Amino acid sequence: MNDDAVFRALADASRRRLLDSLHEENGQTLGELCQGLDMTRQAVAKHLSILEEANLVSCKRQGREKLHFINPVPINEIAERWIGKFERPQLSVLSDLKRTLEGNDHD
């Protein structure tokens with residue numbers, strides 16, 4: 001996985017909105033993704049290309065249409081690598097506190 005490409009792709013608010021849209025309804029066409037956005041069709045296509053390069057979006061041709069699908073794997077990998085390791089100490093402390101408060105601190 002290319003963390004840099006994923007972080008660059010996620011750094012832009014417009015691309016995050018596109019991912020949110022695909023999360024709500026996966027498998028949208030370019031035209032459907034353009035609806036409600038204050039961007040040209042070309043700008044949306046460019047943003048989608050960056051998301052594809054980061055492997056956050058995949059495409060599938062269906063007849064004349066190109067459908068776009070969110071790929072949550074890179075985001076999950078970032079969460080596991082960058083967020084999960086910082087949460088473990090806090091979760092361990094909370095678990096210890098819970099055991100102590102419940103009187104089960106004999107472990």
- Consider residue 104 carefully, then state whether it is over 20 Å from residue 7 (Cβ atoms), modelled with pLDDT under 95 and not assigned by TED's automatic domain parsing to the domain that holds residue 10. yes
- Query: What are the residues in the range 70-82 that are among the hydrophobic types (A, V, I, L, M, F, W, C) and either exposed (fewer than 10 other Cβ atoms within 10 Å of the Cβ) or touching a helix residue (DSSP H, G or I) at 6+ places or on another chain (Cβ under 7 Å) (or both), if any?
  - Reply: 70, 78
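The values are calculated or read from the model by the stated rules, or taken from the named source; none is laboratory data. The structure presented is a predicted model; accordingly, all values stated were derived computationally and were not measured. FYI the Cβ positions are ideal-geometry reconstructions off the backbone, even for glycines, and counts take in every protein chain you see.
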